Amino acid sequence: MKAARRLHAGMAILAAMAAGIAQANPVRWQLNMTPGVTDVSERIQALHNLTLWICVVIGVLVFGAMAYAMFKFRKSKGAVAAQFSHNTTAEVIWTIVPILILIVMAVPATKTLFQMYDTSQSEMTVKITGYQWMWRYEYLGENVQFLSRLDRLSDRTRALGSGLDPYAVKVGNENTYLLDVDHPLVLPIGTKIRFVVTGADVIHAWWVPALGWKQDAIPGVINENWTKINVAGTYRGQCAELCGRDHGFMPIVVKAVPKAEFKSWLAAQRSENEAAATAATPPAAAATAAPAAAASVAR
């Protein structure tokens with residue numbers, strides 16, 4: 001009895017410790033897929049759950065039948081093995097049932113794949129180019145583009161012998177060491193956005209788990225994908241293809257905002273880009289360009 005009480009007490013202590021750790025670190029104890037914020041990610045998670053439960057049912061039936069047979073028909077109870085070469089009915093059943101199960105899983109999976117690659121009726125297009133070791137984002141037709149790379153504080157902290165504390169790199173209460181960037185990709189929610197993805201030097205891969213897909217960025221190749229974010233927020237990702245020495249230091253940050261806020265941000269970025277382009281134009285070139293433009297208008 002004492003041993004049983006000690007066992008129960010020990011199990012209770014372990015359960016309490018596990019609960020405390022899980023509460024402090026909920027992401028580490030997440031057992032299912034990362035919940036997504038797009039229609040595609042939700043469908044992928046639903047397919048995952050469907051497949052998981054089909055496998056659970058099959059496992060329970062198969063291992064349950066094995067355990068029952070081993071216990072019920074064991075040699076110590078005088079069971080004698082049956083002597084036969086085949087059973088046509090059993091063979092038909094174990095051929096047809098798996099085919100039906102595969103069809104049940106294949107039909108929704110195929111529909112999801114078609115949906116994932118359907119970039120038609122997109123409301124805007126963003127070009128993503130992977131570099132060693134950063135990303136370039138271009139809002140096509142909007143005259144807005146910028147580079148996005150590891151934030152300066154993380155970059156200084158990661159240096160050997162920097163003396164800086166990685167746990168002190170935070171945005172609010174969230175530790176963002178090696179996870180934040182200087183310029184996030186800002187996108188509107190409730191908008192179908194088409195991405196064209198390529199690489200400038202080696203193969204990269206643009207991956208944000210919350211969006212539900214990963215796309216290779218290959219030099220000389222244009223890959224397509226799309227998203228429609230349903231929930232405003234900040235979503236983080238990584239380059240998912242080993243691309244060189246600093247592969248682990250090119251994170252991705254997507255900031256999803258309401259449409260009105262995105263329009264204001266886009267207008268501000270466009271003004272900044274135009275001002276920067278004007279400031280970068282040499283005075284002599286500007287003076288030469290002005291008469292030519294006036295003559296062109298006169299004609």
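For the stretch 175-197, the criterion of a residue being surrounded by fewer than 15 Cβ atoms within 10 Å (Cβ to Cβ) and farther than 27 Å from Phe262 by Cα is satisfied by no position. Condition check: touching a His at 6+ places or on another chain (Cβ under 7 Å) and closer than 20 Å to Pro35 by Cα. Does Cys239 satisfy that? It is true that Cys239 is touching a His at 6+ places or on another chain (Cβ under 7 Å) and closer than 20 Å to Pro35 by Cα. Taking the stretch 53-170 and the strands (runs of 3 or more DSSP E) fully enclosed by it, the elements with 1 or more residues that are at pLDDT 90 or above and charged (D, E, K, R) are at 124-131, 134-139.
Cβ-Cβ distances below 9 Å connect the following pairs, each with a first residue in the stretch 153-165 that is without any contact (Cβ under 8 Å) to a residue 40 or more places away in the chain, a second residue that is part of a loop (DSSP other than H, G, I, E, B) and among the basic types (Lys, Arg), and a separation of six or more residues or different chains: Leu164/Arg158.
Listed here are the residues, each with its yes/no results for (1) outside the structural domain of Leu187 (by TED's automatic domain parsing); (2) among the basic types (Lys, Arg); (3) without any contact (Cβ under 8 Å) to a residue 60 or more places away in the chain; (4) over 30 Å from Gly141 (Cα atoms).
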residue	(1), (2), (3), (4)
Met66	yes, no, yes, yes
Lys72	yes, yes, yes, yes
Val92	yes, no, yes, yes
Thr95	yes, no, yes, yes
Ile99	yes, no, yes, yes
Ala106	yes, no, yes, yes
Ala109	yes, no, no, yes
Thr112	yes, no, no, no
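Answer yes or no: is there a residue in the stretch 188-200 that is in contact with a Cys (Cβ under 9 Å, 6 or more places away or on another chain), assigned to a strand (DSSP E or B) and within 20 Å of Ala240 (Cα to Cα). Scanning the stretch 188-200 turns up at least one residue that is in contact with a Cys (Cβ under 9 Å, 6 or more places away or on another chain), assigned to a strand (DSSP E or B) and within 20 Å of Ala240 (Cα to Cα). Filtering the stretch 152-184 to residues that are out of contact with any helix residue (DSSP H, G or I) (no Cβ under 7 Å at 6 or more places or on another chain) and over 19 Å from His247 (Cα atoms) leaves Gly161, Gly163, Asp165, Tyr167, Ala168, Lys170, Val171, Gly172, Asn173, Glu174. Has the stretch 39-47 got at least one residue that is modelled with pLDDT of 80 or more and of a type in the set (S, T, N, Q)? Taking every residue of the stretch 39-47 in turn, at least one turns out to be modelled with pLDDT of 80 or more and of a type in the set (S, T, N, Q).
Being under 28 Å from Leu47 (Cα atoms) and surrounded by 12 or more Cβ atoms within 10 Å (Cβ to Cβ) holds for only one residue in Ser122, Ser148, and it is Ser122. When Asp165, Asp201, Asp180 are checked against the criterion of being farther than 15 Å from Met134 by Cβ and acidic (Asp, Glu), Asp165 stands alone in meeting it.
The values are calculated or read from the model by the stated rules, or taken from the named source; none is laboratory data. Here the structure is a predicted model, which means the values were calculated and not measured. Here the Cβ is made from the backbone with ideal geometry for all residues, glycine too, and neighbour counts use every protein chain on show.
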